Amino acid sequence: MTTTHQDFDLCLEKTAQHEFVAYVPDGNGDRAAEHAFSLRTDTLKMREDLQRLEVYSLHKELVKDDFHVQFGRMLYQAALGGDVGALFAERLAAAQSDDMGLRLRVRVDEGAPELMNLPWEFLHDEDLYYNFCLPHSSLRRELPEPIPTKGSGPRRNGNK
């Protein structure tokens with residue numbers, strides 16, 4: 001049995017050192033919701049946390065605590081807080097009422113490579129009880145679609 005999914009695009013951009021904005025495009029070139037957050041990915045604690053998650057993903061049977069859930073909640077609160085989280089909850093409820101899943105597409109801007117390697121699959125929301133590690137959920141990592149700039153369109157008739 002295959003599950004049909006609706007897409008929820010979560011775009012992440014860096015605004016300053018350790019400062020980011022998460023937003024959901026509205027399809028018309030604007031933002032349906034956005035949320036600013038801070039996240040340190042360069043600390044010893046973050047490296048240790050990521051190593052611990054790696055052990056969890058390779059040896060789930062050895063893990064006796066819920067650290068992966070705690071980390072997933074921290075990541076969820078950072079990137080899906082505020083209006084972005086409210087819109088996600090709204091779209092999740094709508095998808096579920098239509099017997100569909102909601103596919104989260106994490107699109108990290110090339111200016112924020114430190115976010116690309118975070119384990120987004122561990123996202124966990126304690127209010128919605130939604131965990132992206134579960135089979136009914138879906139998560140895709142994508143680079144954002146390039147934004148056309150003036151003069152960057154296809155060349156025609158040999159013109160540069």
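Check GLU48, GLU61 and return the single one that is modelled with pLDDT of 90 or more and not hydroxyl-bearing (Ser, Thr, Tyr).
On the way: GLU61 fails: modelled with pLDDT of 90 or more.
Testing whether each residue is modelled with pLDDT of 90 or more and not hydroxyl-bearing (Ser, Thr, Tyr) leaves just GLU48.
Out of the residues in the stretch 78-93 meeting the condition of being surrounded by fewer than 18 Cβ atoms within 10 Å (Cβ to Cβ) and modelled with pLDDT under 90, tell me which one is nearest to MET116 (Cα to Cα).
Checked the stretch 78-93; the qualifying residue nearest to MET116 (Cα to Cα) is ALA89.
Can you work out which of the residues in the stretch 94-113 that are assigned to a helix (DSSP H, G or I) and open to solvent by less than 50 Å² (accessible area, probe 1.4 Å) is modelled with the lowest pLDDT?
First, pick out the residues of the stretch 94-113 that are assigned to a helix (DSSP H, G or I): 94-97, 113.
Imposing the further condition that a residue be open to solvent by less than 50 Å² (accessible area, probe 1.4 Å) reduces the set to 94-95.
Values: ALA94: 90, ALA95: 86.
By that ranking, first place goes to ALA95.
Scanning the stretch 33-56 for residues that are touching a residue at least 24 places away in the same chain (Cβ under 8 Å) and under 13 Å from LEU118 (Cβ atoms), which turns out most open to solvent (accessible area, probe 1.4 Å)?
Looking at residues that are touching a residue at least 24 places away in the same chain (Cβ under 8 Å) and under 13 Å from LEU118 (Cβ atoms), I get ASP42.
The values are calculated or read from the model by the stated rules, or taken from the named source; none is laboratory data. Treat the numbers as computed from the prediction; the structure is a model and nothing was measured. Because the Cβ atoms are built from the backbone with ideal geometry, glycine has one as well, and the counts that use them run over all protein chains shown. We work out accessible area using only protein heavy atoms, side chains counted, and drop any ligands, DNA or RNA first. Shrake-Rupley method; radii C 1.70, N 1.55, O 1.52, S 1.80 Å.
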